[in-house]
Amino acid sequence: MIPLFVDLRAKHVVIFGGGEVAGRKAAYFSGEADVTVFSRSFSKKIAALPVNRVTIDLADVSDKELQEMVKGADICIAALPDSAQNNRIGRICRRRKILFNNANGEPGDLIIRREEPCGQPVHQGTP
């Protein structure tokens with residue numbers, strides 16, 4: 001893997017999940033890309049962001065419906081508490097050649113560094 005800087009203007013980021021982790025990732029991308037968040041509920045952080053919110057219970061969504069949700073996405077992030085659901089989304093993204101980040105489950109092909117609000121990376125473990 002190599003670190004990259006990517007111009008995300010005119011790119012579409014799809015996020016599954018409405019909690020703290022999804023909110024952090026939505027905030028990370030919202031100023032640069034078109035962001036759509038799918039979840040049955042949304043944290044206050046997500047509600048305050050300039051993102052598209054789609055209220056849906058993902059437990060009841062078929063693979064075909066998921067494929068439609070990620071259609072046109074350049075990046076997809078699964079931030080649901082259910083790792084099996086996240087892994088299912090990841091498999092669909094891999095088949096569609098969409099860069100994928102999994103917050104909970106099998107690793108995707110995209111790593112997003114966690115940053116503190118001041119923009120400093122969070123370092124874990126020894127330097």
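Any read-out appearing in this document is the output of simple, stated calculations on the displayed coordinates, not a laboratory observation. Treat the numbers as computed from the prediction; the structure is a model and nothing was measured. Counting neighbours? That spans all protein chains shown, and the Cβs are built from the backbone with ideal geometry, glycine included.
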Checklist outcome for this item: So for R0 = 25 Å, FRET eff. of residue 67-residue 111 from the Cβ-Cβ r, to 0.05, ends up at 0.55
Next on the checklist: Tell me whether the range 1-42 comes out rounded, prolate or oblate; compute the Cα gyration tensor, take square roots of the eigenvalues as a ≥ b ≥ c, and use a/c under 1.5 as the rounded threshold.
Outcome noted: prolate
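In the range 32-117, which trypsin sites (Lys or Arg not before Pro) fall in coil by DSSP and have 10 or fewer other Cβ atoms within 10 Å? The partial results should precede the final answer.
Values: sites: 40, 44, 45, 53, 64, 71, 88, 91, 94, 95, 96, 97, 113, 114; in loops: 40, 71, 97, 113, 114.
Those that pass, being in a loop and sparsely packed, are 97, 113.
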Item to check | Over 21 Å (Cα to Cα) - which of 64/97; 11/71; 71/97; 25/64; 44/64; 44/71 fall in this group | outcome: 25/64; 44/64; 44/71
Checklist entry - Taking only the alpha-carbon positions of the chain and ignoring solvent, what does the Debye formula give for the base-10 log of I(q)/I(0) at q = 0.14, 0.22 Å⁻¹? => result -0.57, -1.46
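For the chain, give me the percentage of DSSP beta bridges that are antiparallel, rounded to the nearest 5 percent.
In the chain, DSSP labels about 5 percent of beta bridges as antiparallel.
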Checklist entry - Out of residues 5 or more away from residue 77 or on other chains, whose amide H comes under 5 Å of its own, with H placed 1.01 Å from N in the peptide plane? => result 14, 15, 16, 101
